[in-house]
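To keep things clear, I will list the structure first and then write my remarks on it.
The values are calculated or read from the model by the stated rules, or taken from the named source; none is laboratory data. The shown structure was predicted, so the numbers you read here are calculated from the model rather than taken from an experiment. All Cβ positions, glycine included, derive from the backbone under ideal geometry; neighbour counts span all protein chains shown. Accessible surface areas use protein heavy atoms only, side chains included; no ligands, DNA or RNA. Shrake-Rupley method; radii C 1.70, N 1.55, O 1.52, S 1.80 Å.
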Amino acid sequence: MKRFVPNFITLLNLLSGAVATIFAVEGDLTTAAFFVFLGIFFDFFDGFFARKLNVASELGLQLDSLADVVTSGLVPALALFHLLKLAITPSWDTHQILPYFGLLVVLASAYRLAKFNISTEQSNYFIGLPTPANALLVMSLPLILAYQNNDSYNAIILNPAFLIVTTILSCFLLNAPIKLIALKFKTWNFSENASRYILVIFSITALIIFKFAGIPLLIIFYIILSLINPPKYA
């Protein structure tokens with residue numbers, strides 16, 4: 001019976017992504033973002049329980065990626081679509097191509113997840129930005145607009161050039177051949193997990209000081225830290 005626990009949690013991730021999709025399609029990006037965050041929470045714990053209960057399976061791996069395509073791929077792509085639409089309002093109509101550019105993120109996410117599923121070398125680190133991390137980055141943008149209401153932030157986020165660059169950068173980072181730290185603590189030993197502890201401390205500090213605007217900062221820091229001190233284990 002215990003083997004069903006991780007898969008059930010994965011299905012909660014997928015359910016969260018499905019609900020987030022509905023809100024994203026309707027243009028309610030803030031509610032969509034919170035359901036994406038809930039899905040990412042479930043995404044972390046399905047793997048955690050699979051390891052703790054020693055019930056990791058090929059089915060669980062495939063199901064996890066299918067859920068991530070929705071929660072961490074489709075919803076961020078829809079968010080970028082709506083943000084691009086907002087950025088060129090009131091001139092936008094359904095025949096204009098620019099907002100659809102954001103949908104490239106779901107293609108890059110699906111490709112990244114497919115590569116992950118057949119990889120034999122990502123048990124202790126990631127190659128390319130994980131889709132949940134990219135989803136956090138993208139979904140932080142509507143939350144910054146909604147809850148921080150800073151003219152400088154708003155001007156940047158609703159700039160079409162910024163959104164296009166963000167889309168291109170997301171697609172690249174998702175599939176970039178770079179090793180990134182995985183937040184999997186096999187022990188609590190500081191020397192073995194120094195980069196992880198530094199990342200956790202920086203993340204908490206950035207979120208306290210900058211609130212939702214701290215999320216892009218922590219993703220950038222995560223990439224820089226991984227490049228400075230890349231994982232050396234296989």
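Some points to look at:
- The stretch 1-88 holds no helices (runs of 4 or more DSSP H) entirely within its bounds that carry 1 or more residues that are among the basic types (Lys, Arg) and in contact with a Gly (Cβ under 7 Å, 6 or more places away or on another chain).
- Among residues of the stretch 193-206 that are at pLDDT below 85, those with a Cβ under 8 angstrom from a residue that is surrounded by 14 or more Cβ atoms within 10 Å (Cβ to Cβ) and in a helix (DSSP H, G or I), sequence gap 6+ or separate chain, pair up as Ser195/Leu225; Ser195/Ser226.
- Checking each residue in the stretch 24-53 for being touching a Lys or Arg at 6+ places or on another chain (Cβ under 9 Å), open to solvent by 50 Å² or more (accessible area, probe 1.4 Å) and not hydrophobic (A, V, I, L, M, F, W, C) picks out only Arg51.
- Just one of the listed residues (Pro177, Pro130, Pro160) is of a type outside the set (Phe, Trp, Tyr), on the phi < 0 side of the Ramachandran plot, open to solvent by 50 Å² or more (accessible area, probe 1.4 Å) and at pLDDT 90 or above, namely Pro177.
- Only residues that are within 19 Å of Ile208 (Cβ to Cβ) and assigned to a loop (DSSP other than H, G, I, E, B) were counted across the stretch 123-148, and they come to 1.
- Qualifying positions in the stretch 143-159 - over 21 Å from Phe37 (Cα atoms) and of a type in the set (A, V, I, L, M): Ala155, Ile156, Leu158
- The number of residues in the stretch 151-167 being touching a residue at least 60 places away in the same chain (Cβ under 8 Å) and farther than 14 Å from Ile215 by Cβ comes to 6.
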